[in-house]
Structure formats: C-alpha cells, structure tokens
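Enquirer: Mind having a look at this structure? Questions to follow.
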Amino acid sequence: MLVLTRKTGEAIRIGDSVSLTILEVKGNQVRVGIEAPDDVVVYREEVFRVVLEQNIRSATFEDPSGLPIDDYWSAVEEKPHGKK
Amino acid sequence: MERNDAMITEADHKKQAGGVRTGERPDLPGGGQWIIDMKRGLPGFEGVRRYSLASKGGETPFCLLSGIDKGPTFIVINPFLVCPDYSPVLPEREARFLGIDDPSRAILFVIVTIRRDPLDVTVNLRAPVVINADLNTAAQVVLEDSELPLRHSIMPKKGK
C-alpha cells in the first residue's frame, strides 16, 4: 500500500480525474473531500462490500421459476394494495 | 411508462420530504420485458451490462432482473410495496450519471435475498437499482442515508 502523509487542506490526485482533499482531522476521524467524474463510484468501503456480497448471494444462474419466493408471497396474509 | 414511485434529489429533499406515492406496479413496456443498460454493471457482476426486466408472473409482485447472455438473475421488487415509508434520496452525482433530471420519474427496484428458509426474505433498501425510463439505463446506487437497512426483512407481519 502506498502511504502518503498530508496536512489539512492538502490533496492527493489519483489518475487524471480523481482528487482527494483532507478537509478536517478530529480525533480519529478524518473528513475527506472527493472530486471524481460521475461514472466513478465513490462509496464507503464497508458498505460497498456488503452490497457486493449481497448481490452475489442474491444472484442465481438457474431457472428462477423454481425459487421459493412464491411460498413467501402466499404466506403474506395482508398483501399491499388489496391484491389477493 | 409509469414510474413505480417517487425518488427525490438532495436538492429538493427539504421541500419535498416524502415524495409522491403512486404505489403502482411499473408497467413494463415491450410485452412485459424491458431491456436496460446497467451502466457500470452491478457490484460483483461488473462485466454484465445488459439486463432484461420482466414480471415474474403469477400472483406475485416480484420481477426478474436477468443478465442477457448467461448473466445472473436477481429477484427484484418495487421497494414501496414492501416498505411504504421508504423515502430514498438520489445523490446528485448519481442523478447526473444516469441523466435523471426529475428523480420522481425514476423507477426503483430493490434486490431480494432469499436464504434456505423460504420465509427469511430480505431486501436491500440502501442500494436500490435506479432506472432512467426515458433512456432505458440503470445503476445500482448506494444511498447516503446510513439508516436505510441493507437487510430489510419482508417477512409477513402476520403469521402463525
């Protein structure tokens, strides 16, 4: 891992179009300002990781018609919007 | 094409706290099958960009989001059906990325996770799939609101 030391107000450039600025350091928290093109995803690592893991868990490569989701739906007694 | 419910941007969040609620099932064009361009793939499946979205059929409100050409299939649902209080705020940069000027016209789905127990069913309310119905483009968007659950149970409230 590349490690750089920066002061408040200083920035780091990554590639042509991504820039990280250290805005504030308070105790063990750091506020970082991020400039990046809209097509570059910027997420908190742990949140992104959970989304990724859940996507993988939720994906099926088999015929989904056999999934037990209908069992779930038939167990719902009060269906939204009055559907039976 | 009708929206399935409303989403708002950060900018108009304050004046329009809840958004509009139609609660309708989206009317899928093209004989019930809709081809959408997932602009950066889905996390975990970045290489798959073209998906079809179709109703699962039968009595259920579930839809199938299927990667074209041997891609993965996800069960998805209109989040407002399973969480009537849902009030997602689309981050500005994601709105720009998707070309969504009016977030209340965006169509939202959330991915359903089922596990061994068929009644242990959750949806990810933090990371909906947001569709621009005018351009047939979409992206899975992680919302800023950290209160939104990544695993929201849609277990039946009543039961034995």
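Enquirer: Step by step: first the residues of the stretch B:51-107, then only those that are hydrophobic (A, V, I, L, M, F, W, C), assigned to a loop (DSSP other than H, G, I, E, B) and within 21 Å of B:Leu135 (Cβ to Cβ), then the one that is farthest from the other protein chains (Cβ to nearest Cβ). Which residue is that? Before you say what the answer is, go through the steps one by one.
Expert: Taking the stretch B:51-107 as the starting set, the residues that turn out to be hydrophobic (A, V, I, L, M, F, W, C) are B:53-54, B:62-65, B:68, B:74-77, B:80-83, B:89-90, B:95, B:97-98, B:100, B:106-107.
Next cut, assigned to a loop (DSSP other than H, G, I, E, B) only: B:62, B:68, B:83, B:100, B:106.
Next, from what is left, pick out any that are within 21 Å of B:Leu135 (Cβ to Cβ): B:68, B:100, B:106.
Values: B:Ile68: 13, B:Ile100: 11, B:Ala106: 15 Å.
Per the stated criteria, the residue is B:Ala106.
Enquirer: Test A:Lys83 against the stated conditions and say whether it is modelled with pLDDT under 75, surrounded by 14 or more Cβ atoms within 10 Å (Cβ to Cβ) and more than 7 Å from every other protein chain (Cβ to nearest Cβ).
Expert: Values: modelled with pLDDT under 75: yes; surrounded by 14 or more Cβ atoms within 10 Å (Cβ to Cβ): no; more than 7 Å from every other protein chain (Cβ to nearest Cβ): yes.
In short, no.
Enquirer: Write out, first by first residue and then by second, each pair whose Cβ atoms fall under 6 Å of each other, whose residues are 6+ apart or on separate chains, and whose first residue, in the stretch B:108-131, is at the interface with chain A (Cβ under 9 Å from one of its Cβ atoms) while the second is among the aromatic types (Phe, Trp, Tyr) and buried (at least 23 other Cβ atoms within 10 Å of the Cβ).
Expert: Once the first residue is at the interface with chain A (Cβ under 9 Å from one of its Cβ atoms) and sits in the stretch B:108-131, its partners that are among the aromatic types (Phe, Trp, Tyr) and buried (at least 23 other Cβ atoms within 10 Å of the Cβ) give B:Ile111/B:Phe74.
Enquirer: If we scan the stretch A:1-13, do we find a residue that is under 26 Å from B:Leu90 (Cβ atoms), open to solvent by 80 Å² or more (accessible area, probe 1.4 Å) and part of a strand (DSSP E or B)?
Expert: Going residue by residue through the stretch A:1-13, those that are under 26 Å from B:Leu90 (Cβ atoms) are none.
No, because not a single residue in the stretch A:1-13 is under 26 Å from B:Leu90 (Cβ atoms), open to solvent by 80 Å² or more (accessible area, probe 1.4 Å) and part of a strand (DSSP E or B).
Enquirer: Could I ask something else about it? Count, please, the residues in the stretch B:111-131 that happen to be open to solvent by 10 Å² or more (accessible area, probe 1.4 Å) and closer than 21 Å to B:Gly41 by Cα.
Expert: Going through the stretch B:111-131 one residue at a time, the tally reaches 1.
Enquirer: Can B:Arg105 be described as modelled with pLDDT under 90 and among the basic types (Lys, Arg)? Outline the logic, then answer.
Expert: Numbers: modelled with pLDDT under 90: yes; among the basic types (Lys, Arg): yes.
The answer is yes for B:Arg105.
Enquirer: Shifting gears a bit: If you go through the stretch B:67-102, how many residues are surrounded by 20 or more Cβ atoms within 10 Å (Cβ to Cβ) and of a type in the set (Gly, Ala, Ser)?
Expert: Number of matching residues: 3.
Enquirer: If you go through the stretch B:130-145 one residue at a time, do you hit one that is out of contact with any strand residue (DSSP E or B) (no Cβ under 6 Å at 6 or more places or on another chain), farther than 24 Å from A:Glu46 by Cα and in a strand (DSSP E or B)?
Expert: The answer is yes, given that some residue of the stretch B:130-145 is out of contact with any strand residue (DSSP E or B) (no Cβ under 6 Å at 6 or more places or on another chain), farther than 24 Å from A:Glu46 by Cα and in a strand (DSSP E or B).
The values are calculated or read from the model by the stated rules, or taken from the named source; none is laboratory data. Everything numeric in this text was worked out from a predicted model, so none of it was measured. We place every Cβ from the backbone using ideal geometry, glycine too, and count neighbours over all the protein chains shown. Each accessible area value is taken on the protein alone, full model and side chains, heavy atoms only, with ligands, DNA and RNA left out. Shrake-Rupley method; radii C 1.70, N 1.55, O 1.52, S 1.80 Å.
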